[in-house]
1. Look through region 61-95, keep the residues that are exposed (fewer than 11 other Cβ atoms within 10 Å of the Cβ) and at pLDDT 95 or above, and return whichever of them is nearest to Ala36 (Cα to Cα).
2. Report, ordered by the first and then the second residue, all pairs with beta carbons closer than 8 Å, sequence separation of six or more or different chains, a first member in region 119-140 that is more than 11 Å from Pro173 (Cβ to Cβ), and a second member that is among the basic types (Lys, Arg) and open to solvent by less than 50 Å² (accessible area, probe 1.4 Å).
3. Residues in region 127-143 that are of a type outside the set (S, T, N, Q) and farther than 11 Å from Val110 by Cβ: how many?
4. If you check Thr77, Thr141, Thr128, Thr117, which single one turns out to be under 26 Å from the mean Cα position of the chain (by Cα) and assigned to a strand (DSSP E or B)?
5. Which of the numbered conditions does Gln57 fail, given that it passes all the others? Conditions: (1) more than 30 Å from Leu161 (Cα to Cα); (2) open to solvent by 30 Å² or more (accessible area, probe 1.4 Å); (3) not in a helix (DSSP H, G or I).
6. Could you list all residues from region 146-185 that are open to solvent by less than 50 Å² (accessible area, probe 1.4 Å), over 21 Å from Asp125 (Cβ atoms) and in a loop (DSSP other than H, G, I, E, B)?
7. Only one of these conditions is not met by Leu87: (1) part of a loop (DSSP other than H, G, I, E, B); (2) under 25 Å from the mean Cα position of the chain (by Cα). Which number is it?
8. How about region 65-116: which of its residues are of a type in the set (Asp, Glu) and under 30 Å from Asp130 (Cβ atoms)?
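The values are calculated or read from the model by the stated rules, or taken from the named source; none is laboratory data. Bear in mind the structure is a predicted one, so any value in this text is a computation, not a measurement. Here the Cβ positions follow ideal geometry from the backbone for every residue, glycine too, while neighbour counts run over all protein chains shown. What goes into the accessible areas is simple: the full protein's heavy atoms, side chains included, and nothing from ligands, DNA or RNA. Shrake-Rupley method; radii C 1.70, N 1.55, O 1.52, S 1.80 Å.
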Amino acid sequence: MSAARGLEGVRSIRGKRAEVTVHFRQSNVSPQACPALVLNADYRPLSYYPLSLWGWQDAIKAVFLDRVNIVSEYDKTVKSPSFEIRLPSVVSLKAYVRPARQPAFTRFNVFLRDRFTCQYCGQQDDLTFDHVIPRSKGGATTWENVVAACSACNLRKGDRLPHEAHMLPAQPPFQPSVSDLHRNGRLFPPNYLHESWLDYLYWDSVLEP
């Protein structure tokens with residue numbers, strides 16, 4: 001899509017009610033794509049991992065729909081025959097989005113809780129998940145019984161209890177809070193961070209003396 005055509009599409013929906021889709025892109029963030037960091041109304045990122053980013057088209061659409069404030073801009077502009085705008089690099093939502101009280105129990109969130117690390121050997125490749133107490137022995141598929149494990153350790157432990165296999169997880173499994181996952185997510189920044197994002201990604205971290 002050309003810049004002009006993209007802007008004409010934005011102008012055509014001005015004044016109409018429409019949903020703005022949040023596109024989260026974590027890996028291979030390209031500076032040429034000019035993504036905008038999306039902050040909640042309290043100026044915290046909606047998500048750290050994957051980092052909450054919008055493509056420039058969605059960012060401009062949200063500006064026209066009066067759903068965001070532009071916090072910072074790129075030097076780059078896009079224009080149509082009758083309009084010109086600088087691309088937003090950071091936007092904040094005008095309406096606060098309340099985070100979920102508890103994170104969803106998903107494979108991804110289990111990995112994030114365990115920092116994408118096998119809880120038996122410490123490696124970070126070929127991850128799957130393991131039931132600490134095997135299901136055949138009454139173990140449930142819950143936060144408190146599932147850990148990240150590499151395929152090799154998962155196979156080696158097999159259908160045995162931890163003491164039988166002499167394999168105890170480095171960290172006892174637990175149900176994380178949203179804050180736990182956000183804190184872990186900050187450990188895995190994307191390969192590209194625009195300078196205008198930095199004050200908003202780590203502002204709630206403890207500063208070094």
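1. Taking the candidates together, the pick is Asp66.
2. Listed pairs, sorted by first residue: Tyr120/Lys157.
3. Residues meeting the conditions: 9.
4. So the residue among Thr77, Thr141, Thr128, Thr117 that is under 26 Å from the mean Cα position of the chain (by Cα) and assigned to a strand (DSSP E or B) is Thr128.
5. Against the list (1) more than 30 Å from Leu161 (Cα to Cα); (2) open to solvent by 30 Å² or more (accessible area, probe 1.4 Å); (3) not in a helix (DSSP H, G or I), Gln57 comes up short only on (3).
6. Across region 146-185, the qualifying residues are Leu161, Pro176, Ser177.
7. Exception for Leu87: condition (1).
8. Narrowing region 65-116 to residues of a type in the set (Asp, Glu): 66, 73, 75, 84, 114.
Answer for region 65-116, where residues must be of a type in the set (Asp, Glu) and under 30 Å from Asp130 (Cβ atoms): just Asp114.
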